[in-house]
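Student: Sharing a structure, written as structure tokens. Questions coming.
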Amino acid sequence: MVTQKVAFQGEPGAYGEMATLSQFPKAELLPAKSFQIVFQSLESGAVDFAVIPIENSIEGSVNETYDLLLNANLVVCGEVYQRIRHCLIINPGADNSKVKSAYSHPQALAQCRVNLQKRNLEPIPTYDTAGAVKMIKEKKLNDAAAIASKRAADLYGMEIWEENIEDKTNNYTRFLVISKVQSEPTGNDGTSLIFSVKHVPGALYGILAEFASRGINLTKIESRPTKEVPWEYYFYVDFDGHRNDKRIRDLIRVLKKKTIFIKILGSYKRGEFH
């Protein structure tokens, strides 16, 4: 049996790895330093799947992921909700009273902003949470901490100064599973698509009315600049149902006539909170 290969962004111990393991516990996991490399690995056929963050319940959307999905010849085939529990991590034996800064991914730093301010720790962004742990270990930075998962602290043999330092306890990151293969209906599915409309009054309302008239529940709508014409936008929409459902097929057929651009990102089984 051939082992599946799955890419994620970050170092071992990153939340992306944890989300990936929850979906692919027996797969060969390939860490990547950037989202761009994750997408390239999948498009080149080096991996079978990839797991990428799309939004956080506290800090909102991961804009780079949206931009990469726009141009990639890939489909969304799954969804994962990963509970985020941040730890303040230091080198073993380090004196925490002398710690002056905290390294982590910008999203993690933002999720712990109030806690860092109370401790008077300077936030310093890095490309990854677990990567920050690895870095302060390799550089023997005893005057610095990292914000990452307990798993990261265990993997790198580091000391946990304090657990659960996120400002809000209800902290989840939503990840998408992407591949080159469409997923089949499960009866509990969502669909994601991108569209743009003419820059005229009522254009967006006309699109949303098509969802409402069919009783299709929109779960998210996000706008991103087209980066081609100032103040014109792509709209990213998530909604209930599978692209093979009759009412979804009817919806998409009408939307193709009402939009100037449309791309179906994929349909997938809904993720569950744990």
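Every residue, every condition in (1) over 18 Å from Ala72 (Cβ atoms); (2) surrounded by fewer than 13 Cβ atoms within 10 Å (Cβ to Cβ), yes or no:
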residue: Ala209; (1), (2): yes, yes
residue: Arg224; (1), (2): no, no
residue: Tyr233; (1), (2): yes, no
residue: Tyr236; (1), (2): no, no
residue: Ile248; (1), (2): yes, no
residue: Lys257; (1), (2): yes, yes
residue: Glu272; (1), (2): yes, yes
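Student: Further question: Of everything in region 161-183, what is over 20 Å from Leu70 (Cα atoms) and touching a residue at least 12 places away in the same chain (Cβ under 8 Å)? Give them in sequence order.
Tutor: Scanning region 161-183 gives Trp161, Glu162, Glu163, Asn164, Ile165, Glu166, Asp167, Lys168, Asn170, Asn171, Tyr172, Thr173.
Yes/no matrix, rows are residues, columns are (1) within 27 Å of Thr3 (Cα to Cα); (2) among the charged types (D, E, K, R); (3) in contact with a Pro (Cβ under 8 Å, 6 or more places away or on another chain):
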position	(1), (2), (3)
Leu42	yes, no, no
Glu59	no, yes, no
Leu74	yes, no, no
Gly78	yes, no, no
Cys87	no, no, no
Ile90	no, no, no
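Student: Just for region 83-93: of the residues that are modelled with pLDDT of 95 or more and more than 18 Å from Thr169 (Cα to Cα), which one is surrounded by the fewest Cβ atoms within 10 Å (Cβ to Cβ)?
Tutor: Pro92
Student: Right, next: When you go through (1) touching a helix residue (DSSP H, G or I) at 6+ places or on another chain (Cβ under 7 Å); (2) modelled with pLDDT of 95 or more; (3) not hydroxyl-bearing (Ser, Thr, Tyr) one by one for Asn56, which number turns out not to apply?
Tutor: (2)
Student: When region 115-128 is examined, which residues are found to be closer than 22 Å to Lys168 by Cα and either out of contact with any Asp or Glu (no Cβ under 7 Å at 6 or more places or on another chain) or open to solvent by 70 Å² or more (accessible area, probe 1.4 Å) (or both)?
Tutor: Scanning region 115-128 gives Leu116, Gln117, Lys118, Arg119, Asn120, Leu121, Glu122, Pro123, Ile124, Pro125, Thr126.
Student: Filter region 92-103 for residues that are touching a strand residue (DSSP E or B) at 6+ places or on another chain (Cβ under 7 Å) and not hydrophobic (A, V, I, L, M, F, W, C); which is farthest from Ser149 (Cα to Cα)?
Tutor: Checking each candidate, the answer is Lys100.
Student: Sticking with this one: Look at Leu193 and say whether it is at pLDDT 95 or above, open to solvent by less than 50 Å² (accessible area, probe 1.4 Å) and within 30 Å of Arg85 (Cβ to Cβ).
Tutor: Values: at pLDDT 95 or above: yes; open to solvent by less than 50 Å² (accessible area, probe 1.4 Å): yes; within 30 Å of Arg85 (Cβ to Cβ): no.
Criteria not met by Leu193.
Student: Within region 1-40, restricting attention to residues that are open to solvent by 30 Å² or more (accessible area, probe 1.4 Å) and assigned to a helix (DSSP H, G or I), which residue is farthest from Arg151 (Cα to Cα)?
Tutor: That would be Gln40.
Student: Now a separate question. Scan region 99-111 for residues that are modelled with pLDDT of 95 or more and surrounded by fewer than 24 Cβ atoms within 10 Å (Cβ to Cβ) and report the count.
Tutor: 4
Student: Is it true that some residue in region 132-151 is crowded, with 21+ Cβ neighbours inside 10 Å, in contact with a Phe, Trp or Tyr (Cβ under 8 Å, 6 or more places away or on another chain), closer than 30 Å to Phe235 by Cβ and not small (Gly, Ala, Ser)?
Tutor: no
Student: For region 179-214, which residues satisfy the criterion of being assigned to a loop (DSSP other than H, G, I, E, B) and touching a helix residue (DSSP H, G or I) at 6+ places or on another chain (Cβ under 8 Å)?
Tutor: Lys180, Val197, Arg214
The values are calculated or read from the model by the stated rules, or taken from the named source; none is laboratory data. Just so we're clear, the structure is a prediction, and the values are computed from it rather than from any experiment. Virtual Cβ from ideal backbone geometry, glycine too; neighbours counted across all protein chains shown. Just so you know, the surface numbers come from the protein's heavy atoms only, side chains and all, with ligands and any DNA or RNA stripped out. Shrake-Rupley method; radii C 1.70, N 1.55, O 1.52, S 1.80 Å.
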